[in-house]
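K.L.:
The structure under discussion is supplied below as structure tokens; questions concerning it will follow.
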Amino acid sequence: MQDKVEERSLVNVLNRLRNDGYKCDFKVSGEGRLCNMESQEEFAPEQVRIVDFYRFEGESDPDDMSILYAIETHNGHKGTISNSYGPYADTNVDSFLKQVEDLGKNLDKRDK
């Protein structure tokens with residue numbers, strides 16, 4: 001992937017990621033698994049890796065913040081998922097991505 005450059009627009013980042021092969025749209029199911037919205041295939045936290053993330057602040061309201069994650073699955077699916085900050089955040093998405101991050105940190109410790 002390209003080096004991070006300051007991106008002002010969620011749409012611009014999404015377009016760049018799609019050009020880099022991140023074409024799947026993901027959501028977190030009610031069962032707490034990542035779901036490919038096209039194929040309906042589901043993934044547990046240990047089957048997912050966060051490749052990169054981008055934070056955005058609303059133009060007119062600093063409280064209107066969101067984050068976009070570039071994600072890869074163990075079987076090669078590449079795509080994105082986004083979430084809001086604060087009271088509008090989806091707690092299922094937050095919880096799932098926290099598990100993925102924690103697993104990544106544990107893997108890093110085992111590799112050393």
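Every number in this text was worked out from the coordinates using simple rules, so none of it is lab data. Computed from a predicted structure; not experimentally measured. Using ideal geometry, Cβ is built from the backbone for each residue, glycine included, and neighbour counts are taken over all protein chains shown.
K.L.:
Give me Rg/Rg_expected for the stretch 10-106, where Rg uses Cα atoms only and Rg_expected = 2.2 N^0.38 Å with N residues.
P.N.:
1.05
K.L.:
How charged is the neighbourhood of His74? Take every other residue with its Cβ under 10 Å from the Cβ of His74, and add Lys/Arg as +1 and Asp/Glu as -1.
P.N.:
-1
K.L.:
Here's something else I'd like to know. Which FRET efficiency value, to the nearest 0.05, do you get for Asn15 and Asp52 by plugging their Cβ-Cβ distance into 1/(1 + (r/R0)^6) with R0 = 22 Å?
P.N.:
Efficiency, from the Cβ-Cβ distance: 0.90.
K.L.:
Describe numerically, in nm with one decimal, the distance between label points set 7 Å from Cα along Cα→Cβ at Met65 and at Met37.
P.N.:
Roughly 2.4 nm, to one decimal.
K.L.:
Now, a different point. Would you calculate the separation in nanometres between label points at Asp25 and Asp94, each defined as 7 Å from the Cα along the Cα-to-beta-carbon direction?
P.N.:
In this crude label model, Asp25 to Asp94 measures out at 2.4 nm.
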